[in-house]
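Undergrad: Could you have a look at this structure, given as structure tokens, before my questions?
The values are calculated or read from the model by the stated rules, or taken from the named source; none is laboratory data. Please read all numbers here as calculations on a predicted model, not as lab measurements. Note that we place each Cβ from the backbone using ideal geometry, even for glycine, and neighbour counts take in every protein chain shown. With ligands, DNA and RNA removed, areas are computed over all heavy atoms of the protein, side chains included. Shrake-Rupley method; radii C 1.70, N 1.55, O 1.52, S 1.80 Å.
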Amino acid sequence: MANKATFTDKGTLQRGKACLRCRKRKMRCDGNRPACQQCTHAKKPDGCEYDDGKGKTRTQLLRETIQQLQQRVRELEDPEYISPAVMLHDPHPPMSESSSSSYDSAGSTPISISHSPYPSESKSSPSETWTHLPVSSPSPSPFMSDIFFEDPRSYQSSFDLGPILLDIFSPHRHQCGLGIHMGHLRESLNLSPDEQRHPALMNSIYLWACFVSRPKPLSQHEESFLSQALDGVRDGLRKGDKLLDVIQASCLLSLYFLANGRLVEGSFHASAVAALAVQCGLQTAVSGEGSYNPSSSRERLDLDHIRPGYQEGERVLTFWQVYNLDCCWSVALRKPRVALDSEDPWTSIDCPWPQDITDYESGNATVSNGFPTVKTFLQGDVSGGFSMQTWRAKASAIFSRADQLAASWRYRLSGVTYPEEFQVLELTINRFLPTILPIHQLNATILEEKHTLIVVHTLIQVSVLMLYQRFAQDDPVTYDKCSAAAKACVAITKFVSEQDYDYLDPIIGSCWTTVAEWLICEITNIESAWALSMTSTDVRNDISTILYAMTTLNARFPVLGISISKIQKRMAELSLNSNVA
């Protein structure tokens, strides 16, 4: 029931009883609650607030949250900085007719506590640090969903939280494959709405910022950002507006669904964004004679506005973001690829290999190409492109090709001759591996590069495993190759620290599942009659290592639960059979 307003004898509202919105606009307020008539007519009922000493307004609570965040920023930047005293107030002050401010109402004696809730020496990752944010009440506040995250652009300008969410997301952008200039993205928050990035992209980024904050309070807003991101993608497709942003957003959404075990939704968005990227011509060269542009698709689909420099680089990086998603998850989900690489100029990939976004801004990156990029590489030419982004894309190409060849070969190996296509891919792998940092040097790199290299090396080794495991039972040479690849994957996991799991591409979980399945086959072979002289202890230890990695990753990205259960069940059966024997 609405509260009755207090009026004077002359029928006017008592001084200080008008809502904040009417006060600011100097309008006559009737004092009705929860929303006065002026705010109701203006369709702003949620903005009708009263500062009458009966508790802090939503705006005041939000401003306090911002102050706490700013204090946390200073603590992270300066370990010697000591937070000022925290002023606490009685949340249930006595009602006072003369009160006009929640800060001076009777009975609200402040309590001073000089301490910082955050240890300065914390070694937590940015995503973990920011998610230890204090909340204004022990339970989720309803205004946080209804007002705080109602319109991202409104709170960016009013409370400047956009940069904070970007800071949370920034170290995870490589994990998501998003090639974007974070500096320019932050600057765009201060531009007019028409000049800002598309809401679909911004909400997808904020969604990931909340996602990687689990199980901290910020994660409760995932559904709000997810809904707004999906609405933004639909709106962007309907208007054909800022399609590059829409494509980037769709990739983030797809990976979000996949990382959460929502495979049908993730698969749908992955296929849809790959089709959209091809329709926009992203797979073609950006400029130069090698660029094929059927039916002027770039201009028709709003990509003609892209200027040379980092924007052109972002276009290249966006294609490879789509490519990695389509190639790798098509293998994991056992579905056909969409971004094919064929002789058809519509689908032939001659987009240059990706480089770091800063290289495009400085003019040190190549944005034109005159030859089929992926086809040339898979034929054994590993030259061209030695950035982390290129290594990741080349690993995806090998991974997808190995799965394609393994699925198409339906004959037993005759003699000692492997199919020619298999030999060519193995040649490419053998030439490619020496060009990247070796496994034993992973800890010598910066963290972002380490996380990428862990995925790259794993994809390559699992590619060898997929390529030859069909022949392994008939040929000791291929059996040894598969065993060596599996052991290499186990060795890679030993370089993964607890903190590293937060930043790994979730596709690595599917790779570890393949490795575990092979190791189980190895145990079966070792414990069979022809291998009685061998022991399976080492292989069992390897499976335990892989299972630990899968379980740890699944705690962050709940996509491996079923696979883990199947492997554990199979191991239990093997142990039972071994005891019986």
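Residue-by-condition table, conditions (1) open to solvent by 70 Å² or more (accessible area, probe 1.4 Å); (2) at pLDDT 60 or above; (3) in contact with a Gly (Cβ under 9 Å, 6 or more places away or on another chain):
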residue	(1), (2), (3)
K4	yes, no, yes
D9	yes, no, no
K17	no, yes, yes
K24	yes, yes, no
G47	no, yes, no
L62	no, yes, no
T65	no, yes, no
L88	yes, no, no
P91	yes, no, yes
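Undergrad: Something else about it: Check region 265-279 and report whether any residue there is at pLDDT below 95 and either in contact with a Gly (Cβ under 9 Å, 6 or more places away or on another chain) or open to solvent by 60 Å² or more (accessible area, probe 1.4 Å) (or both).
TA: Checked against the condition, which is being at pLDDT below 95 and either in contact with a Gly (Cβ under 9 Å, 6 or more places away or on another chain) or open to solvent by 60 Å² or more (accessible area, probe 1.4 Å) (or both), region 265-279 yields at least one hit.
Undergrad: Inside region 328-367, can you point out the residues that are of a type in the set (A, V, I, L, M), in contact (Cβ under 8 Å) with a residue 60 or more places away in the chain, within 19 Å of G385 (Cα to Cα) and not in a helix (DSSP H, G or I)?
TA: I349, V367
Undergrad: Next question, about the same structure. Here is a check on your reading of the model: is S295 among the hydroxyl-bearing types (S, T, Y), under 28 Å from V455 (Cβ atoms), modelled with pLDDT under 80 and open to solvent by 20 Å² or more (accessible area, probe 1.4 Å)?
TA: No.
Undergrad: Out of everything in region 386-399 that is open to solvent by 10 Å² or more (accessible area, probe 1.4 Å) and not hydrophobic (A, V, I, L, M, F, W, C), what residue ends up being nearest to Y468 (Cα to Cα)?
TA: The residue in question is R392.
Undergrad: Restricting region 419-454 to residues that are in contact with a helix residue (DSSP H, G or I) (Cβ under 8 Å, 6 or more places away or on another chain), more than 19 Å from A393 (Cα to Cα) and outside any helix (DSSP H, G or I), which is modelled with the highest pLDDT?
TA: Taking the candidates together, the pick is T445.
Undergrad: Which condition number does G232 fail, the rest of (1) out of contact with any Pro (no Cβ under 9 Å at 6 or more places or on another chain); (2) without any contact (Cβ under 8 Å) to a residue 60 or more places away in the chain; (3) farther than 24 Å from S330 by Cβ; (4) of a type in the set (G, A, S) being met?
TA: (1)
The rows are residues; the columns are (1) hydrophobic (A, V, I, L, M, F, W, C); (2) open to solvent by 10 Å² or more (accessible area, probe 1.4 Å); (3) closer than 25 Å to W391 by Cβ.
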{"position": "L447", "(1), (2), (3)": "yes, yes, yes"}
{"position": "L453", "(1), (2), (3)": "yes, no, yes"}
{"position": "I460", "(1), (2), (3)": "yes, no, yes"}
{"position": "Y468", "(1), (2), (3)": "no, no, yes"}
{"position": "T478", "(1), (2), (3)": "no, no, no"}
{"position": "V490", "(1), (2), (3)": "yes, no, yes"}
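Undergrad: Considering (1) polar (S, T, N, Q); (2) modelled with pLDDT under 90; (3) part of a helix (DSSP H, G or I); (4) more than 16 Å from V278 (Cα to Cα), say which one S383 fails and leave the rest.
TA: (3)
Undergrad: Checking the structure you have, find out if any residue of region 243-254 is among the aliphatic types (A, V, I, L, M), open to solvent by 30 Å² or more (accessible area, probe 1.4 Å) and out of contact with any helix residue (DSSP H, G or I) (no Cβ under 6 Å at 6 or more places or on another chain).
TA: No, region 243-254 contains no residue that is among the aliphatic types (A, V, I, L, M), open to solvent by 30 Å² or more (accessible area, probe 1.4 Å) and out of contact with any helix residue (DSSP H, G or I) (no Cβ under 6 Å at 6 or more places or on another chain).
Undergrad: Identify all residues within region 486-515 that are out of contact with any Ser or Thr (no Cβ under 8 Å at 6 or more places or on another chain), among the hydrophobic types (A, V, I, L, M, F, W, C) and not in a loop (DSSP other than H, G, I, E, B); write none if there are none.
TA: Once the filter is applied, which keeps residues that are out of contact with any Ser or Thr (no Cβ under 8 Å at 6 or more places or on another chain), among the hydrophobic types (A, V, I, L, M, F, W, C) and not in a loop (DSSP other than H, G, I, E, B), region 486-515 yields A486, A488, A491, I507, V515.
Undergrad: Among the residues that make up region 490-504, is at least one of them in contact (Cβ under 8 Å) with a residue 12 or more places away in the chain and in contact with a Cys (Cβ under 8 Å, 6 or more places away or on another chain)?
TA: no
Undergrad: Being aliphatic (A, V, I, L, M) and without any contact (Cβ under 8 Å) to a residue 12 or more places away in the chain, is that true of even one residue in region 259-266?
TA: Yes: region 259-266 contains one or more residues that are aliphatic (A, V, I, L, M) and without any contact (Cβ under 8 Å) to a residue 12 or more places away in the chain.
Undergrad: Next question. Counting residues that are of a type in the set (S, T, Y) and at pLDDT 95 or above, which helices (runs of 4 or more DSSP H) fully inside region 168-225 reach at least 3?
TA: Passing ranges: none, list empty.
Undergrad: Is it fair to say L282 is surrounded by 23 or more Cβ atoms within 10 Å (Cβ to Cβ) and outside any helix (DSSP H, G or I)?
TA: Answer is yes for this residue.
Undergrad: Hey, another quick one. Does F257 satisfy being open to solvent by less than 10 Å² (accessible area, probe 1.4 Å) and part of a helix (DSSP H, G or I)?
TA: yes
Undergrad: Next question. Are any of the residues in region 498-511 of a type in the set (S, T, Y), open to solvent by less than 30 Å² (accessible area, probe 1.4 Å) and over 20 Å from L255 (Cβ atoms)?
TA: no
Undergrad: Please find, within region 298-327, the residue that is least open to solvent (accessible area, probe 1.4 Å) out of those that are modelled with pLDDT under 70 and assigned to a helix (DSSP H, G or I).
TA: Filtering region 298-327 for residues that are modelled with pLDDT under 70 and assigned to a helix (DSSP H, G or I), the one least open to solvent (accessible area, probe 1.4 Å) comes out as R298.
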